[in-house]
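**Q** Before I ask anything, here is the structure I am working with.
The values are calculated or read from the model by the stated rules, or taken from the named source; none is laboratory data. Worth saying up front: this structure is predicted, and the values here are computed from it rather than measured. Using ideal geometry, Cβ is built from the backbone for each residue, glycine included, and neighbour counts are taken over all protein chains shown. All accessible areas refer to the heavy atoms of the entire protein, side chains included, with ligands and DNA or RNA removed. Shrake-Rupley method; radii C 1.70, N 1.55, O 1.52, S 1.80 Å.
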Number of protein chains: 2
Amino acid sequence: MKPMGPIPSWFDAEDDMLLIGDCGAESLVDEAGDTPLFVYDMAIVEAQVRHFRDAMPDTLHLHYAIKANPFAPLLARMAHLVDGFDIASGGEMDMALEAEMAPDRISFAGPGKRNDELSAAIFAGVTINLESEGEARRALAVADAIGKTPRLAVRVNPDFDLKGSGMRMGGGAKPFGVDADRAAALARMVIDAGAAWQGWHIFAGSQNLDPLAIIETQAATIALAARLSDDVGASPALVNLGGGFGIPYFPGDQRLDIRPIGTALDTALEQRADILRGSGFAIELGRWLVGEAGVYLTRVVDVKISQGETFVVVDGGLHHQLAASGNFGTVVRRNYPIAVANRFGVAPAAEPVTVVGCLCTPIDRLGDKVALPPVEEGDLIAIFLAGAYGASASPAAFLGHPSPRELLLG
Amino acid sequence: MKPMGPIPSWFDAEDDMLLIGDCGAESLVDEAGDTPLFVYDMAIVEAQVRHFRDAMPDTLHLHYAIKANPFAPLLARMAHLVDGFDIASGGEMDMALEAEMAPDRISFAGPGKRNDELSAAIFAGVTINLESEGEARRALAVADAIGKTPRLAVRVNPDFDLKGSGMRMGGGAKPFGVDADRAAALARMVIDAGAAWQGWHIFAGSQNLDPLAIIETQAATIALAARLSDDVGASPALVNLGGGFGIPYFPGDQRLDIRPIGTALDTALEQRADILRGSGFAIELGRWLVGEAGVYLTRVVDVKISQGETFVVVDGGLHHQLAASGNFGTVVRRNYPIAVANRFGVAPAAEPVTVVGCLCTPIDRLGDKVALPPVEEGDLIAIFLAGAYGASASPAAFLGHPSPRELLLG
């Protein structure tokens, strides 16, 4: 048997049927029409947002990084819950505007912005987080060509990283942002060119579960923003402190306690340098806001035995859940939390089973030797933590299977 | 500097511009309208098919596993070049029929076939490679319900694997097929139930570059098919010997020499057991037929320096080329062959560069510290071996970028 990550504690059952937002999993499949199905519970997202507002300084802005989950009905709701959207492409800009987020509350990061994307963003009045001197030059040229003043922030590759992160985004040679020692000169250049300078974007890492590491990085980020602003000789409108808040996917992971982070950030902001006194501050979160709100439901098509090992074959797979299959930026595959939705809470069988997707490839493995109740054809498998980097971050067209269905509750 | 895989030897340049099917890479982008672009050269596919026919026994059938590249114009051409299509979903069945492949030359493998897929396949007259006793029972029930005689083959999980394969598909507990020691009983059961038994599907591994390993596995496969057929007491219409032919992606890889495989297979078929005397034999190939025929072209959006390291940022990325980024079934990331298409053959610069995609994630890396000629914004990067498991096997919707364009030449 191999362990799995922790099932979020609030999930419960009625007559052994997993409830998601007070609805039975099977009835949600009925409502959506078929499996595989992603269900997102808006109540959990709202609870996370409330938790954030309660724990964090009052003045702190909360941004949603829509790459985590761009499902349109979810975005439309998020637009009313958060203070801004962070986008990573022209396509995401269209989605953000479609969700009626105000352009001046949208910021666009990404190392490979094409001129057509820069042009569309400047035309719409979206803030561009400049990733390089070359991009600054192109953005200014494009703005000049269309006769608009561009809203430009500078993304900084910090000289520190967020220790223990799932993804390191700073603290070394990186394709993101400009190195800290060139950032002030770049900001000065865009100010002198007549752009509306929006401030700093400093993103040191993501998917972190260590409050002390996050506290340390936020303090370093504020200090770096102060030092850079002094060098520029101008106060930034906004300092985007990045994200980094993780969720517990794997065995042994503990939920991140954000309260000490809020307390420390409160102190750090009170003690901030004079040049940042009038600046706004934001944290951008994707996964932490929506990841735990999603459950992926997939039907058992076959239960088969090969050389004494039991395989549970489902109608979903890595084409919808690439990260859960262990093929998206992970070196060692570990099990996401997984359950039999229609036998939720039933005691596990003596022998573990391996849950595989329907794709004809050995890498389509959703649960490796996991302890589940006895499973039969027709049962419904639930994979938790499916709210972020699921449907949109997987190779949906691979092997010609239908796209997954998505359902927003609440 | 880190090494890259070998650029296929037939690629050439005119005035330093890479030629694909005698056309300059830049003019192909003009024709397609934009980057990122997959170009597939049908002449290379046809040469592979000819090479296969020349080297292999005359009677051997060649099947195309369309999962490797299901681009519709390519499928339409393949339908006239090969003897059958292998499919892995109901969606792929629709594509195969759309390409006008005859239903009785299509076979459907995959561990998670749903009843609706079984029903559509039986209705169309497509052969189903049964993956388990449970699937056999469902297929027979579905056939009964629609009043058609199903064409059923039995997929066997062999008791050996193809040594040194990129993907092992046999030789242990597997979700694919039924274990060899239960295969004959399953074939007998479907024959007794009145199904049209089509024979055996035995697939031991893929992406192999060792002729001796393939020869050994093919001999073992034929012996297994004979033993199983004797146990059934019936001759199979077809023995699908699987695939396994690899292509050289990585540093040190050598092209597979298929001539000794053909010679050995010729002998093995001549010496085959009596019960297989009237049987047909097939090899199913995907990657080997189309992989080398594809080139992915992507435009340089930015060239930037971070802490002394040069990053070349392109407008494509892992959303089209997941495998080349090292995030699809590989543990250690290695460089695919890569070049500057408009400086093809120009001597490399003194310092290596890292080619990254436009996605805002550190795993979007297409070339790690590779030796390229001096690169500028606007240059065209070519990634070779992009004909298989590219466009359709990558998370195209991730971060909201446009889908890649695809162009078939010849």
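**Q** Find the relative contact order for chain B and round it to a whole percent, using C-alpha pairs within less than 8 Å whose residues are 6+ positions apart.
**A** Values: 950 pairs, mean separation 92.4, N = 410.
That works out to 23 percent.
**Q** Of B:SER279, B:SER392, B:SER119, which has the largest mean-square fluctuation in a 10 Å C-alpha GNM of chain B?
**A** B:SER279
**Q** Determine ³J(HN,Hα), in whole Hz, for all residues of the range B:315-330 in sequence, where each value follows from phi through the Karplus function 6.51 cos²θ - 1.76 cosθ + 1.60 and θ = phi - 60°; x replaces Gly and Pro.
**A** Coupling constants for the range B:315-330: 7, x, x, 5, 5, 10, 9, 4, 5, 5, 7, x, 10, 9, x, 10 Hz.
**Q** What does the convex hull of the Cα atoms of the range B:70-285 come to per residue, in Å³, rounded to a whole number? List each step's numbers first, then the result.
**A** On the way: hull volume 25.8 nm³, N = 216.
Expressed per residue, the convex hull around the Cα atoms of the range B:70-285 is 119 Å³.
**Q** Something else now. Sequence-distant or interchain residues sharing an amide H contact under 5 Å with A:ILE87, placed H: which?
**A** A:SER107, A:PHE108, A:ALA109
**Q** Tell me, rounded to the nearest percent, the portion of alpha carbon pairs in the protein assembly as shown spaced more than 41 Å apart. Numbers along the way, then the final one.
**A** Working: 122209 of 335790 pairs.
Here the long-distance tail beyond 41 Å is 36 percent of all Cα pairs in the protein assembly as shown.
**Q** Mind putting a number on the dipole of the protein assembly as shown about its Cα centre? Charges go on the C-beta only, +1 for Lys and Arg and -1 for Asp and Glu, and I need it in Debye to the nearest 20.
**A** Values: 64 positive and 104 negative charges, 213 e Å.
Computed about the Cα centre, the dipole is about 1020 debye.
**Q** Now a separate question. Shortest first and in nm with one decimal, please list how far the A:ALA145 label point sits from its counterparts in the other copies (point 7 Å along Cα→Cβ).
**A** Those label-point separations list as 5.8 nm.
**Q** Along Cα→Cβ at 7 Å, what distances in nm separate the A:GLU376 label point from those on the other copies, shortest first?
**A** Its label point is 7.1 nm from the equivalent points in the other copies.
**Q** Also, quick follow-up: What is the interface area between chains B and A, defined as buried accessible area summed over both chains with a 1.4 Å probe, reported in Å² to the nearest 100? Don't skip to the answer; put the middle values down first.
**A** On the way: alone 16780 and 16750 Å², together 28180 Å².
The contact between A and B buries close to 5400 Å².
**Q** Right, another one. Amide H of B:ASN335: which non-local residues (sequence gap of 5 or more, or other chain) have their own amide H closer than 5 Å, using H built in the peptide plane?
**A** The answer is B:GLY5.
**Q** Another question, then. Among A:GLY246, A:GLY24, A:GLY286, determine the one that fluctuates most according to a GNM of chain A built with springs between C-alpha atoms less than 10 Å apart.
**A** Largest GNM mean-square fluctuation: A:GLY24.
**Q** Which of B:GLY33, B:GLY21, B:GLY345 moves the most in a Gaussian network model of chain B with Cα springs under 10 Å?
**A** Between B:GLY33, B:GLY21, B:GLY345, it is B:GLY33 that shows the largest mean-square fluctuation.
**Q** A follow-up question, please. P(r) of chain B in 10 Å steps, Cα pairs, percent per bin?
**A** 5, 22, 29, 23, 14, 6, 1, 0
**Q** Between copies, how close do the A:ASP16 label points come, placed 7 Å along Cα→Cβ, listed in nm from shortest?
**A** Computed spacing set for this position: 7.1 nm.
**Q** Ok, one more. Can you work out which chain A residue has the shortest Cβ-to-axis distance for the rotation that carries A onto B, and give it in Å?
**A** Output: A:PRO395, 3.
**Q** Now for a separate question. Give me, ordered by chain and number, the residues 5 or more places off A:GLY316 or on other chains with an amide H under 5 Å from its own placed amide H.
**A** The answer is A:ARG299, A:CYS358.
**Q** How big is the dipole moment of chain A about its Cα centre under a simple scheme where the beta carbon of each Lys and Arg is +1, that of each Asp and Glu is -1, and everything else is neutral? Debye, nearest 20, please. Don't skip to the end; give the middle numbers.
**A** Numbers: 32 positive and 52 negative charges, 246 e Å.
Approximately 1180 debye in magnitude.
**Q** Restricting to chain B, what percent of DSSP beta bridges are antiparallel, rounded to 5?
**A** 40
**Q** Counting only complete DSSP H runs, which helices of chain A cover 30 Å or more along their long axis at the Cα atoms and score a mean Kyte-Doolittle of -0.5 or above? Display every interim value, and only then the final one.
**A** Details: long enough: A:211-232 (31 Å, 0.80).
Helices meeting the criterion: A:211-232.
**Q** Out of the DSSP beta bridges found with both residues in the range A:240-368, what percent are antiparallel (nearest 5)? Working shown, then result.
**A** Details: 8 of 13 bridges.
Percent antiparallel among DSSP bridges in the range A:240-368 is about 60.
**Q** Once you charge only the Cβ atoms, +1 for Lys and Arg and -1 for Asp and Glu, what is the size of the charge dipole of the range B:70-285 about its Cα centre, to the nearest 20 debye?
**A** Values: 19 positive and 28 negative charges, 19 e Å.
That gives a dipole near 80 debye.
**Q** Give me the 1.4 Å probe accessible area per residue for chain A, excluding ligands and nucleic acids, in Å². Could the numbers behind the result be given before it?
**A** Working: 14080 Å² over 410 residues.
Per residue, chain A has an accessible area of 34 Å².
**Q** Residue-wise, which Karplus ³J(HN,Hα) couplings in Hz belong to the range A:357-366, taking 6.51 cos²θ - 1.76 cosθ + 1.60, θ = phi - 60°, and x for glycine or proline?
**A** Here the 3J(HN,Hα) series is x, 7, 6, 8, 8, x, 8, 8, 10, 9 Hz.
**Q** Give a residue-ordered list of calculated ³J(HN,Hα) values for the range B:384-393 (Karplus: 6.51 cos²θ - 1.76 cosθ + 1.60, θ = phi - 60°; whole Hz; x for Gly, Pro).
**A** Each residue's phi maps through the Karplus curve to give 8, 6, 9, x, 10, 6, x, 3, 7, 10 Hz.
**Q** Evaluate peptide A:304-315: per residue, the Cβ atoms of other protein chains within 10 Å of its Cβ; return the mean as an integer.
**A** Values: counts 13, 6, 11, 9, 2, 4, 1, 7, 2, 10, 2, 5.
Average per residue, whole number: 6.
**Q** Can you put A:LYS113, A:LYS148 in order of accessible area, largest first, using a 1.4 Å probe? The partial results should precede the final answer.
**A** Details: A:LYS113 0, A:LYS148 80 Å².
Ranked from most to least accessible, the order is A:LYS148, A:LYS113.
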